[in-house]
1. Which count do you get for residues in the range 14-38 that are more than 22 Å from Gly146 (Cβ to Cβ) and under 24 Å from the mean Cα position of the chain (by Cα)?
2. Here are the criteria: (1) crowded, with 18+ Cβ neighbours inside 10 Å; (2) not in a helix (DSSP H, G or I). Tell me which single one Glu115 does not satisfy.
3. Please verify whether Tyr39 is at negative phi and in contact with a strand residue (DSSP E or B) (Cβ under 9 Å, 6 or more places away or on another chain), treating the condition exactly as stated.
4. Yes or no: the range 369-392 includes at least one residue that is within 26 Å of the chain's Cα centre (by Cα) and of a type in the set (Lys, Arg).
5. Filter the range 357-368 for residues that are polar (S, T, N, Q) and within 25 Å of the chain's Cα centre (by Cα); which is surrounded by the most Cβ atoms within 10 Å (Cβ to Cβ)?
6. For the range 127-153, which residues satisfy the criterion of being of a type in the set (A, V, I, L, M, F, W, C), part of a helix (DSSP H, G or I) and touching a Pro at 6+ places or on another chain (Cβ under 9 Å)?
7. Assess whether Glu272 counts as being part of a helix (DSSP H, G or I), of a type outside the set (Val, Ile, Thr) and closer than 18 Å to Ala63 by Cα.
8. Could you list, in sequence order, all residues of the range 333-349 that are open to solvent by 20 Å² or more (accessible area, probe 1.4 Å) and either part of a loop (DSSP other than H, G, I, E, B) or at pLDDT 95 or above (or both)?
Amino acid sequence: MTFDEAISYITEALKFGINPGLQKIGAICSKLGNPQLKYPTIQITGTNGKTSTTWMTRDLLYAYGLKTGCYTSPHLHSYRERMTIDGEIVSEEDFAATLEDIKPAIDKVKADLGELTEFEILTAMAFYYFAKEKVDVAVFEVGLGGRWDATSMVQPKVAAITGISLDHTDRLGNTVEEIAWDKAHIIKSDSTAIVGKVPDKALEKIKERCELVNTSMRLFGQDFSPENISIIKNEGSALSIQGIFARYEDIRLPIFGIYQVSNFTLAVAIIEAFMNHALDLELIKNAALSLKCPGRFELISKEPPIVLDGAHNPEGISMLVDGLPQVFDYQNLIVILAVSSDKDIKQMINILSKNTSLMVLSQNKSYRSASVNQLTDVAMRTGKRYIVEPDLKKAIAMTIAKASENNLICITGSLYTAAEAREHCLKLIPNNTIGYLSRIK
């Protein structure tokens, strides 16, 4: 099987949508000898921040010399990004070979139980690939929720919840309590729960889950917390962390967004819980300095200043607009917005309208993208200035042409939007960009 054939096979499964449940992925794991149980695991869920926290956790483990597998979703530019070992994405050859190895098991399960989703296939590939490569530990980001997510075939040593807010209400529930109840199912016996900032009602559900499976919980702001936070505009932030076992002073984060301070603090607590002892300060500092979070508060160009962020719900948009003036110097904010149609578009646009000088309404190429007509119906009611350009590439070029010296351009609304804009900007203004794409070609 070639890489292109593997991609065609996986993308063909997109038509089967999202089908939460563990029966099919469980059957595949059984036929493969349960590869996901052959190495220690960390599982991370949450409404926002779970991908960044997963990357940070991976980098801290790698800094300790552990061969570290990492599985995240969705990807920005290539399916290969979803599976890394020691931060290096899987090669085209290994990607194709992994799918070819497990395809007999997939075909048997499909024959017995019906078609599998794209996410189930990719998750099974990650389970198998990490076992084949004999990783020391693997970090799995939950795709959706927790209870029925395919990654929940693992038995995590540490189960982390970054935060809880309303999102995917059609599948997870209409209240933070219901969503927390679903996500808390990643917490299992013999694991330690690491919990970020969550609403009180959500915390009660998480506590109930911990009591049910008789496991301990460590809580942000109580058992660990960031301290002495300082924002260094246009450069990042500095902080100290009071961890579970020790205090870690004078850490520098070269990434933007005050929420990343919370994410990194959470990642340090996850590693402390995994290792069950205090960490080496110099290793933490070195890992922090090498952090990159593509598509998350990412300054992709300085001239003109352009920030990409995958904020895809009201909480994410609020964090974005609150955080931008804290970390960047600018007078006026221009936002290019393309959102998935199943999101709370009204609230997202209302938040943006109060914090921007101009909104440029657009669409990304995903079949899930809301039309500009949907966005316009909301934007026109705000009474604030907006422009409509359905083609995202044209919207970016037009905005760059309009932007003055003191403007900051932010492209947001979805990870699909961030990814598409990122590829275009890397070609449009190559001298102002980060060479991340070179790692996946």
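1. Summing the residues that are more than 22 Å from Gly146 (Cβ to Cβ) and under 24 Å from the mean Cα position of the chain (by Cα) in the range 14-38 gives 2.
2. Result: Glu115 passes all but (1).
3. Judged against the criteria, Tyr39 is a match.
4. Scanning the range 369-392, I find no residue that is within 26 Å of the chain's Cα centre (by Cα) and of a type in the set (Lys, Arg), so the answer is no.
5. By that ranking, first place goes to Ser362.
6. Scanning the range 127-153 gives Phe127, Phe130, Ala131, Ala150.
7. Here the answer is yes, as Glu272 does meet what is asked.
8. Residues satisfying the conditions are Ser341, Asp342, Lys343, Asp344.
The values are calculated or read from the model by the stated rules, or taken from the named source; none is laboratory data. Owing to the predicted nature of the structure, the values given are computational and were not obtained by experimental measurement. Cβ sites come from the backbone with ideal geometry, for glycine too, and all protein chains shown count toward neighbours. Accessible surface is based on the protein model in full, side chains and every heavy atom, while ligands, DNA and RNA are left aside. Shrake-Rupley method; radii C 1.70, N 1.55, O 1.52, S 1.80 Å.
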